[in-house]
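Comments concern the structure below.
The values are calculated or read from the model by the stated rules, or taken from the named source; none is laboratory data. Only a predicted model underlies this, so the values are computations on that prediction, with no experimental measurement involved. Glycine also receives a Cβ, built like all others from the backbone with ideal geometry; neighbour counts cover every protein chain displayed. Side chains are part of the model used for accessible areas, which takes the heavy atoms of the whole protein and leaves out ligands, DNA and RNA. Shrake-Rupley method; radii C 1.70, N 1.55, O 1.52, S 1.80 Å.
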Amino acid sequence: MHPRIPLPKIPHLVIDDPAHIKGVRTVATVEFTKGIVVVLAGLGVFTMRHKDIWGIAESFLEFFHVNPLNHYVGVFVDLVYRISDVRLWKIAVVASVYVIIRFVEAYGLWYTRPWAEWMAIASGSIYIPFEVADLMRRPDWFRLLILVINVGIVLYMLMLRLEAAKKRHAARMHS
């Protein structure tokens, strides 16, 4: 048996910088909101799947003063019509995993956990190529805004992680 060599313990730096906490909690709120939007969209799809979709859609559009001839409205209604129960369950599983990831990330960010900051970098980075491709196919201000927000979050989290690494290195050098 080989003797185990203990690794040096590096204490978790307590984050008491109000700007850091505020920034990370802002990102946590964004991630939590993304999860809530997916939950609400999923509930909406489930409740409408066996009902008079046009009646519901017309009431909804009338209430929000949306043009029923809008392309996105037609795409949504067509999607709801074409979804089978099996496909709906597959979508529900993927959406559930997405929501769980968003909520776990939001929780970790709210409590300024370093793992959540890394998770925000990784999960945000995954979407960037898809968002760029989508923006190139159909450029509009909304897609550009989504891309800019996502890139901003990834860069901000990366900056925080690099700053923390610098502080850890400085703490090691002084101990």
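Mind checking the full-extension length gain between LYS166 and ILE126? Use 0.36 nm per residue of separation minus the Cα-Cα distance, one decimal, nm.
Stretched fully, the LYS166-ILE126 segment lengthens by 11.9 nm.
Assuming R0 = 30 Å, what is the FRET efficiency of LEU88 and GLU62, from their Cβ-Cβ distance, to the nearest 0.05?
It comes to 0.70.
From Cα coordinates alone, what are the radius of gyration and Dmax values for segment 123-175 in angstrom?
Spelled out, the Cα radius of gyration and Dmax of segment 123-175 are 16.4, 55 Å.
How much area per residue is accessible in segment 129-175 when the probe is 1.4 Å and only protein heavy atoms are counted (Å²)?
With the other protein chains kept in place, segment 129-175 gives 76 Å² per residue.
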